[in-house]
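Student: Pasting in a structure now, in structure tokens, and then I'll have a few things to ask.
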Amino acid sequence: MVAVLLIIVPLGLAFAMPLFNFVSKRIAAYLPIAAMVCNLILSILLLPSVMENTRIVILGGLPPPLGIHLVAGPLGVGLSGLISLVGLAVSIYAWGYIKQGAQDKYHALYLLLLSGATGAVLTGDLFNLFVFYEILCISSYALVAYLGDRNGVESAVKYLIQGSVGSGLILVGIAILYGMFGTLNMAQIAIHIDNVDSPALFLALVLLVTGFGVEAAIFPLNAWLPDAHSSAPSSISAILSGIAIKVGIYAVARVLFTIFGVAVVFQYVLLLGLATLLIGEICAFSQDNIKRMLAYSSVGQVGLIVFAMCIATPDGVGAGLLQLVSHALSKAVLFLGVGYLVARSGSMSLSSLNGIGKRMPVVCFACVVAAFSLVGLPPFVGFAGKFLIVRAALAGKSIFFTVLIGIVFLATVVEGAYFFRMVQTLYFKDAKRQIEYKKVPASASIPIMALVVFIVALGVYPDVLLPYLKSAAADLLNKAGYIKEVLG
Amino acid sequence: MRILISCVLLVILSLGLVFALEQAPFGSNQIDNADKPGRFYLNQGMEKTGAANVVTSVVVTYRGFDTLGEVTILFIAAIGLGAVFHSRKKVKRYEKEKQSASLILQTGCRFLFPLIVLFGTYVFIHGHLSPGGGFQGGVIIASAFLLLFLGCEEKKIPMKSMNTVESLAGIIFVGIGLAGLYWGESFLENFLPRGMDYMLLSGGVIPIIYIAIGFKVGAELAGIVAGLIERNP
Amino acid sequence: MFHQSTYFVGCVGLMIVGLYTMLTKKNLIKVIIGLSLFETGIYLLLVVVGYIQGATAPIFSRTTGSPAEMVDPTPQALVLTAIVIGVAVLALALSLTIRLHEHYGTLNLRKIRGLKW
Amino acid sequence: MEESLEQILELSLTLLMLGGAVCACVFKDLLNAVIAAAFVSLMAAILFYFLQAPDVAMAEASIGAALTTAIFVIAIKKTKRVEEE
Amino acid sequence: MTLGLLLIVAFGGALLVYLPGKISSKLRDVWAVLVALAVLLGTATFYGKSVHDALSYQFLGLPLVLRTNDLSWFFAIAISGVGSFSIIFSLSYIKNRERTDFYYSLMLLINASMLGIVFAGDLLSFYVFWEIMSWATFLLISYNRGNALPAGMKYIVMSMTGSAAYLVAALSLYAKYSTLTFSAISTQITTASPGFTSFILILGFMVFGIKNALVPFHTWLPDAHSEAPSPFSAVLSGILIKMGTYGFILFLYVLVGFHQFSQLAWKAVSLQSVLCWLGAITIVIPTFIALMQDDAKRLLAWHSIGQIGYIILGIAYGTSLGVAGGAFHVLNHATFKALLFLCVGAVEYRTGGVRDLNSLGGLMRRMPITFIGALIGAFGIIGMPLTNGFVSKWLIYKTLILNQDPFLAFAALLGTWGTLLSFYKFLHNIFLGQLPEKYKDLKKAPTSMQIPILLYSGIIVLFGVLPGIPLKIIAGFVTSFGLTPLNVNLWGIVSETGTLNTINLSMAVVSAFFAAWVVFAFSRRSVPTTAQDTYAAGASIPRDKYQYSVEFYNPLYRMMGRYLRDVVDEFYGWLARVTQMTGEIVRRLYTGDARDYVLYIVLIVAASIGLKIWWPT
């Protein structure tokens, strides 16, 4: 029953934020840090005990099929651990980075975003997944528009319109599923779904995958991502890229694997993931604005993760999860680092960042390490992710997958090209005007370097993650196991 | 061109939807057997929670976590609105001269305001007995404040206290949930005694939560409307 | 089966008109009106899913209310939550529209294209 | 099956609602469009009543018709009233 | 001293070079040289030992194996030798440049990763060290800015495509045999279908062809070598390309085994002949393009590609003589190419970065040691009898003639002529000819530069006169590949079809040289006149320009220039432009209009419904 605290602690602190506001203005900045520390400790404590048997946390006094319940499985607790880790780093960064605007409102929204993400990852009920997904989306609409500048508000409006249409479709999907099965509990739906075959089932699947796909940024649905991630404040784009997309992918995966599990749909979503990868990388290649380039690269990486997951073998899903972890860490470091690069150099265009490596060595070193990890070079965690994905794809020994892997590598080469171009701009180009930069505050370099240490440590010794990945992949993949755990 | 494409797509979409919905076996058969939640709430709803209005018992206890999420969303909307409007330059783009409302309107508003608030509170206090509940009552209170904003401009609305009511109600809700965790064995458990049927205090935790939600929704929506009319809280 | 086809036509029609408005109209506020129409259609669909022919409202009172023939209460709980989510999103959308109008001076979506490609 | 009064009423209300929705989509003046949308919400509230869902009817009537319209009117007051071509 | 410890020392030394760097530059230089020499000694101790220890540390559940045998020791000693000489050379070359810690740490890192590649016992650790080498090389190539950046980009894009092909090959092997260690794969692959082995080998040729700069993949090498700092160009040309050769040997002889490789054919075109002809083309075309170059380092770079052709020709040929010739040429090319790059580096250091062959000349008197080094290096690359180049080219020619392959032999011969001509131009334009005024008071190359030059020259002559020393090791691993054993004695190869005896050969050369010197000594001295005052019928002559060595091969260039346009390079440039264009078009999808974004969502749902109705899978 400790798992409930993972959601309630950030929620309660966010509700209490206006009260703290009367006490003192600056205390608001410390609450997210406290909440995330507590979440991190809770999930680390919970993880080993959850590995053997998943804990079912009953809410509202009723056993699973009747009331809402949380499924604290290895996948759920693992993802909430990742969320709290990246959330902690970003909240320490935001303590020093967010100075203008209604800061206490920013920190409340930030806390709610993270509690929405943690809730969505843990819940076992379909409508509850929708509600937490909604919390995540609406708080990210508000946070994207936090700066109130022209780009921020415009991207927030577009994000909102696309997101709410997506949520509408999810609601229609849930209505159809409830109409046919009379229950909202994912496990119960999964049981009854096999003995019913009607076109409404396919329609519900399409609507749910499309609705959750909007946040998971699969190909045609990710038009909001480049605008939102490039015009949001950097700490927010780090959280959006690092966490929000991952919750979208988790939701799509949960719907696809646990509820429906229809083989032909995996191929279809696999091709969609591949299309996302290709389009994300090619668009990123021709970008001049650095944050927009990173946003498109997030789109590409999402395509890679979805591609890996839809191989639908335990290895494939495990590889997808490792790539998910590596992308969350590396992209968070990149966005946090670029935040201060842009703040100090004034403009977001690559040409204005020439030769900044000499004046901000720590931040640029972190960006280079994160870029190398995203491209998948050996001593970093990205390599382990890419290696596992290729191994899982080629395990089937089918020509079709070898061709697909060829295309994936084509996209990875394009990705390598624009990341190495960024490295050259940072270090090997001479700045036009020698202006002196203020030093990057410790509140920014400490979280960045901490995440870099994680990237390198997991890269050098990824075996520490293997057992968690295997059981998380099993938690996602085998329906029978999930049903047995939930409904006993 | 755009109209043509969207028409074609919408026709396909509507075909798919109607075709699927017609085929889907809706209607009475989905909650016929007992293990389905719908039937369980109806049969044991009255004994378990003591609330006459089964929908309220579902909203507050059985699916209380959704309602907690729901209230957070409203809280996010209010705060998001405040954040978006906080950093706006105090540009007065156009200053229509505001002639104050006529006397009849002002006195009418001042007279009607308490009545509407009373009706709103009635609705959410009797949430578990008669139709209606926290959300509907809160909205009615918010419309009372709306009437006040439109009618009499110069009446100062204590926005500061509105915020405290809002967050206090939120903390009460979470507190009751935690108390359920502490006394009962699960979050948002209905641990208080059931009380007499059809009486005001029946239904254990439900009326307290619904009153808290009523205040919270009322305060938040009033804050949202005030924020929109540039009476930033 | 009860005459559900009228309701299905009603809610699918509402959804289609809402989507049509969002797809073709240029003004941002008209698009948001389309959004709220779309969501109203969805709420109608959600409630219709729970309706049972000839059943009464799920509210007990001293005199009436036998659990056997009552309508399924869960979809009504879902709709309550969905409506309030709808209004929250709507309020946020319109506040952003006002800020957008201050920046751009217009609400024509063809002109609000600062961020593209 | 004989057409009971209730079914006829429901059918007419649905058609009214769809007509209101089309008007909301077509009107040039945004205020008229908002009023049409409010009318649609009202019709939906009445339909909810027919579907034996009083709670939802009250919620849809108060939020859908009253509050949404109020927010829309405030937003239109702050921006342009007529949808320019 | 286990292999793991050696690698840890190498990598640790590379990463820790920043610490002494913070204290003082002198301490950092000492530290760098110490680490390089320690690695050299460490590899030397593994002479003759064949160690095979699986590391206790597992990566993703796969065992990592480090092993050494004659083949990897042969490469390892070359790597550490060339590496340490370059570090010694760059002590003064890099002294007053900025970011010297960065330079030294990357040089040592590349050294260490190359050692890792050579000692790797399974495909995974091979790949890990390969990738570290690639991105470290990218950083070093773009070290001096300006147009080194596009060169670095071209290099890293091609090397990433190569690594992608490698990963596909390695993991399809893993999918089939669920193991990655060389020994396990080589036993199991004999049963594989020809299609699968040729698929693996073609991918391997792509990877190692790119690193080796075989013709279709050679376009990155001229830019990378001419833009990289000279000591690193020496390492790059000398030994880094040879990692591709090591890969070739590994895939052809260790993994697949030559017998199975020679069977692979596709409608009468056997894979082996394709590789040989690729080697031949790589000999001819780049050598004649090198002829036209005016930049000294670019000329040397094009020659590196040419010489690689010899090595690949030797190895792909498959007879023991051929493989021995190819492997020996690896070592020789490492020595004389590194020597030539170091001499150009010394000249560049003294003349302040001037590499243009048309504006140098007559540096023989001012920098005698560098001239001697360049002379011996040029003799080596041409294959003069006294130098080691002669021995390896002799072996390669021997195999071609013995197996009656006239066309390949003619191509090799053509290559040697090209080398002869271009190195005549190289030596003459830099060292012989007239000394321009501005280099009147040019100082000698600093001692820390002269030591590696002299050492290289010594090695070239030593291996030229006594080739037995390296040939014994090569014979060792050639027999381990299952080819016919060679009997090797100290000064050559004894075989019934023509023995090579370098002792009497060098005796003949020395006596001929002595006779020529006697004739020269007693002949009448001619009056040395400066080329400046030649009579030009009163036309005003630009004083510096009027040397007959300027635009040395212009008439030849006018004749052949049209055919030597680097078509392959333009193809890659076109490919890059195409991706940029598609990027521009594809990103138009995000039109910026919110209604289009909603259209996309409806499109997806409608498309899936349409798919479901009309194409019921």
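Student: Taking the residues in region A:175-191 that are more than 8 Å from chain B (Cβ to nearest Cβ) and of a type in the set (A, V, I, L, M) as candidates, determine which candidate is surrounded by the fewest Cβ atoms within 10 Å (Cβ to Cβ).
Tutor: A:I191
Student: Can we say A:S352 is more than 10 Å from chain E (Cβ to nearest Cβ), part of a helix (DSSP H, G or I) and touching a residue at least 12 places away in the same chain (Cβ under 8 Å)?
Tutor: Numbers: more than 10 Å from chain E (Cβ to nearest Cβ): yes; part of a helix (DSSP H, G or I): yes; touching a residue at least 12 places away in the same chain (Cβ under 8 Å): no.
For A:S352, the condition - more than 10 Å from chain E (Cβ to nearest Cβ), part of a helix (DSSP H, G or I) and touching a residue at least 12 places away in the same chain (Cβ under 8 Å) - is not met.
Student: Which of the residues belonging to region E:562-617 are more than 7 Å from every other protein chain (Cβ to nearest Cβ) and in a loop (DSSP other than H, G, I, E, B)?
Tutor: Listed by number, the residues that qualify are E:R565, E:D566, E:W615, E:P616.
Student: Can we say E:A338 is out of contact with any Leu (no Cβ under 9 Å at 6 or more places or on another chain) and in a helix (DSSP H, G or I)?
Tutor: Working: out of contact with any Leu (no Cβ under 9 Å at 6 or more places or on another chain): yes; in a helix (DSSP H, G or I): yes.
Taking the combined requirement at face value, the residue satisfies it.
Student: Of the conditions (1) over 23 Å from E:R588 (Cβ atoms); (2) modelled with pLDDT under 90, A:N222 fails just one. Which one is it?
Tutor: So A:N222 meets the others, but not (1).
Student: From the list D:A44, D:A38, pick out the single residue that is in a helix (DSSP H, G or I) and either touching a residue at least 60 places away in the same chain (Cβ under 8 Å) or more than 9 Å from every other protein chain (Cβ to nearest Cβ) (or both).
Tutor: Working: D:A44 fails: either touching a residue at least 60 places away in the same chain (Cβ under 8 Å) or more than 9 Å from every other protein chain (Cβ to nearest Cβ) (or both).
Going through D:A44, D:A38 in turn, the sole match is D:A38.
Student: Now for a separate question. Give region C:66-113 a look and list any residue that's touching a Pro at 6+ places or on another chain (Cβ under 7 Å) and in contact (Cβ under 8 Å) with a residue 60 or more places away in the chain, or say none.
Tutor: Let us first name the residues in region C:66-113 that are touching a Pro at 6+ places or on another chain (Cβ under 7 Å), namely C:70-71, C:73-74.
If the condition is that a residue be touching a Pro at 6+ places or on another chain (Cβ under 7 Å) and in contact (Cβ under 8 Å) with a residue 60 or more places away in the chain, then no residue fits.
Student: May I pose another question? Consider E:T137 carefully, then state whether it is in contact with a Lys or Arg (Cβ under 8 Å, 6 or more places away or on another chain) and of a type in the set (S, T, N, Q).
Tutor: Working: in contact with a Lys or Arg (Cβ under 8 Å, 6 or more places away or on another chain): no; of a type in the set (S, T, N, Q): yes.
Spelling it out, it is not the case that E:T137 is in contact with a Lys or Arg (Cβ under 8 Å, 6 or more places away or on another chain) and of a type in the set (S, T, N, Q).
Student: Looking only at helices (runs of 4 or more DSSP H) that fall completely inside region E:231-305, which ones have 3 or more residues that are within 24 Å of E:V128 (Cβ to Cβ)?
Tutor: Details: elements: E:242-249, E:258-263, E:271-291.
Output list reads E:242-249.
Student: Please verify whether region B:180-196 includes one or more residues that are in a loop (DSSP other than H, G, I, E, B), among the polar types (S, T, N, Q) and touching a Ser or Thr at 6+ places or on another chain (Cβ under 9 Å).
Tutor: First pass over region B:180-196, keeping only residues in a loop (DSSP other than H, G, I, E, B): B:184-186, B:188-196.
With the extra rule that they be among the polar types (S, T, N, Q), the set shrinks to B:186, B:190.
Within this subset, residues satisfying the condition of being touching a Ser or Thr at 6+ places or on another chain (Cβ under 9 Å) are B:190.
Yes, the conditions are met somewhere in region B:180-196.
Student: Now for a different question. Inside region C:46-77, can you point out the residues that are facing chain B (nearest Cβ under 8 Å) and in a helix (DSSP H, G or I)?
Tutor: C:V48, C:V49, C:G50, C:P73, C:T74, C:Q76, C:A77 - these are the residues of region C:46-77 that are facing chain B (nearest Cβ under 8 Å) and in a helix (DSSP H, G or I).
Student: Here is a further query. Here are A:L75, A:L46: which of them is in contact with a strand residue (DSSP E or B) (Cβ under 8 Å, 6 or more places away or on another chain) and outside any loop (DSSP other than H, G, I, E, B)? Full working, then the answer.
Tutor: On the way: A:L75 fails: in contact with a strand residue (DSSP E or B) (Cβ under 8 Å, 6 or more places away or on another chain).
Unique residue meeting the criteria: A:L46.
Student: I've got another one for you. Can you tell which of A:V209, A:V172 is buried (at least 24 other Cβ atoms within 10 Å of the Cβ), of a type in the set (V, I, T) and at the interface with another protein chain (Cβ under 7 Å from one of its Cβ atoms)?
Tutor: Values: A:V209 fails: at the interface with another protein chain (Cβ under 7 Å from one of its Cβ atoms).
Step by step, each of A:V209, A:V172 is checked, and only A:V172 is buried (at least 24 other Cβ atoms within 10 Å of the Cβ), of a type in the set (V, I, T) and at the interface with another protein chain (Cβ under 7 Å from one of its Cβ atoms).
Student: Another question, if that's okay. Answer with yes or no whether A:I189 is without any contact (Cβ under 8 Å) to a residue 12 or more places away in the chain, part of a helix (DSSP H, G or I) and either touching a Phe, Trp or Tyr at 6+ places or on another chain (Cβ under 6 Å) or farther than 23 Å from A:P63 by Cα (or both).
Tutor: On the way: without any contact (Cβ under 8 Å) to a residue 12 or more places away in the chain: no; part of a helix (DSSP H, G or I): yes; either touching a Phe, Trp or Tyr at 6+ places or on another chain (Cβ under 6 Å) or farther than 23 Å from A:P63 by Cα (or both): yes.
Criteria not met by A:I189.
Student: Shifting gears a bit: Starting from residues that are more than 23 Å from B:I73 (Cβ to Cβ) and out of contact with any Cys (no Cβ under 9 Å at 6 or more places or on another chain), keep the ones in region B:132-160 and report whichever is modelled with the lowest pLDDT. Show your work before the answer.
Tutor: First pass over region B:132-160, keeping only residues more than 23 Å from B:I73 (Cβ to Cβ): B:147-158, B:160.
With the extra rule that they be out of contact with any Cys (no Cβ under 9 Å at 6 or more places or on another chain), the set shrinks to B:149, B:153-154, B:156-158, B:160.
Numbers: B:F149: 83, B:E153: 69, B:E154: 66, B:K156: 70, B:I157: 73, B:P158: 76, B:K160: 80.
The extreme case among them is B:E154.
Student: Taking into account only those residues within region B:191-233 that are acidic (D, E) and on the phi < 0 side of the Ramachandran plot, which is surrounded by the fewest Cβ atoms within 10 Å (Cβ to Cβ)?
Tutor: Applying the first criterion (acidic (D, E)) to region B:191-233 yields B:197, B:220, B:230.
Retained after the next criterion (residues that are on the phi < 0 side of the Ramachandran plot): B:197, B:220.
Working: B:D197: 16, B:E220: 29.
Per the stated criteria, the residue is B:D197.
Student: Determine which member of the set A:I239, A:I218 is under 21 Å from E:V602 (Cβ atoms), touching a residue at least 12 places away in the same chain (Cβ under 8 Å) and among the β-branched types (V, I, T). Spell out how you get there, then give the answer.
Tutor: Details: A:I239 fails: under 21 Å from E:V602 (Cβ atoms).
Selected residue: A:I218, the only one of A:I239, A:I218 that is under 21 Å from E:V602 (Cβ atoms), touching a residue at least 12 places away in the same chain (Cβ under 8 Å) and among the β-branched types (V, I, T).
Student: OK, next. I'd like to know if region A:40-54 contains one or more residues that are facing chain B (nearest Cβ under 10 Å), closer than 23 Å to A:L451 by Cβ and crowded, with 23+ Cβ neighbours inside 10 Å.
Tutor: Residues of region A:40-54 that are facing chain B (nearest Cβ under 10 Å), as a first pass: none.
Scanning region A:40-54, I find no residue that is facing chain B (nearest Cβ under 10 Å), closer than 23 Å to A:L451 by Cβ and crowded, with 23+ Cβ neighbours inside 10 Å, so the answer is no.
Student: Just wondering, is there one or more residues in region A:121-136 that are under 22 Å from B:V174 (Cβ atoms), more than 12 Å from chain B (Cβ to nearest Cβ) and either touching a helix residue (DSSP H, G or I) at 6+ places or on another chain (Cβ under 6 Å) or in a loop (DSSP other than H, G, I, E, B) (or both)?
Tutor: For region A:121-136, residues under 22 Å from B:V174 (Cβ atoms), more than 12 Å from chain B (Cβ to nearest Cβ) and either touching a helix residue (DSSP H, G or I) at 6+ places or on another chain (Cβ under 6 Å) or in a loop (DSSP other than H, G, I, E, B) (or both): present.
Student: While we're looking at this one, here's another question. Just to verify a result, which residue in region A:83-108, among those that are surrounded by fewer than 24 Cβ atoms within 10 Å (Cβ to Cβ) and among the charged types (D, E, K, R), is nearest to the other protein chains (Cβ to nearest Cβ)?
Tutor: Looking at residues that are surrounded by fewer than 24 Cβ atoms within 10 Å (Cβ to Cβ) and among the charged types (D, E, K, R), I get A:D104.
Student: Take region B:169-182 and flag every residue that is free of Cβ contacts under 8 Å to residues at least 40 places away in the same chain and within 11 Å of chain A (Cβ to nearest Cβ). Break it down into steps so the answer makes sense when it comes.
Tutor: The initial filter retains those residues of region B:169-182 that are free of Cβ contacts under 8 Å to residues at least 40 places away in the same chain, namely B:171, B:175-176, B:178-182.
Selection gives B:I171, B:G175, B:L178, B:G180, B:L181, B:Y182.
Student: May I pose another question? Would you mention how many residues in region E:353-368 are part of a loop (DSSP other than H, G, I, E, B), under 16 Å from E:L300 (Cα atoms) and charged (D, E, K, R)?
Tutor: So the answer is 1.
Student: Here's something else I'd like to know. Residues being at the interface with chain A (Cβ under 9 Å from one of its Cβ atoms) and β-branched (V, I, T): count how many of those fall in region E:132-179.
Tutor: 5
Student: Given the condition within 18 Å of A:I249 (Cα to Cα) and free of Cβ contacts under 8 Å to residues at least 40 places away in the same chain, answer yes or no: does some residue in region A:151-166 qualify?
Tutor: Within region A:151-166 (the criterion being within 18 Å of A:I249 (Cα to Cα) and free of Cβ contacts under 8 Å to residues at least 40 places away in the same chain), the answer is yes, since at least one residue qualifies.
Student: Still on this structure, I have one more. Answer yes or no: is there a residue in region B:63-81 that is more than 10 Å from chain A (Cβ to nearest Cβ), in contact (Cβ under 8 Å) with a residue 40 or more places away in the chain and out of contact with any Asp or Glu (no Cβ under 6 Å at 6 or more places or on another chain).
Tutor: no
Student: Sticking with this one: Among helices (runs of 4 or more DSSP H) lying entirely in region A:379-488, which contain 3 or more residues that are buried (at least 20 other Cβ atoms within 10 Å of the Cβ)? Let's see the steps before the verdict.
Tutor: On the way: elements: A:381-395, A:399-428, A:442-460, A:466-477, A:479-487.
Counting at least 3 such residues, we get A:381-395, A:399-428, A:442-460, A:466-477.
Student: Quick check on region D:69-85: of everything there that is in contact with a helix residue (DSSP H, G or I) (Cβ under 6 Å, 6 or more places away or on another chain) and in a helix (DSSP H, G or I), which residue is farthest from the other protein chains (Cβ to nearest Cβ)?
Tutor: Result: D:T69.
Student: Could you run through region E:606-617 and say how many residues are modelled with pLDDT of 80 or more and under 55 Å from the mean Cα position of the chain (by Cα)? Please lay out each step first, then the result.
Tutor: Within region E:606-617, the first condition is being modelled with pLDDT of 80 or more, and the residues that meet it are E:606-614.
Adding the requirement that they be under 55 Å from the mean Cα position of the chain (by Cα) leaves E:607-608, E:611.
Residues in region E:606-617 being modelled with pLDDT of 80 or more and under 55 Å from the mean Cα position of the chain (by Cα): 3 in total.
Student: On to the next question. Only one of these is surrounded by fewer than 21 Cβ atoms within 10 Å (Cβ to Cβ) and not β-branched (V, I, T): C:R62, C:R99. Name it. First the steps, then the outcome.
Tutor: Details: C:R99 fails: surrounded by fewer than 21 Cβ atoms within 10 Å (Cβ to Cβ).
None of the others qualify; the one that does is C:R62.
The values are calculated or read from the model by the stated rules, or taken from the named source; none is laboratory data. On a predicted model such as this, the values are computed, not experimentally measured, just so you know. Don't worry about glycine lacking a Cβ; one is built from the backbone with ideal geometry, like all the others, and counts go over all protein chains shown.
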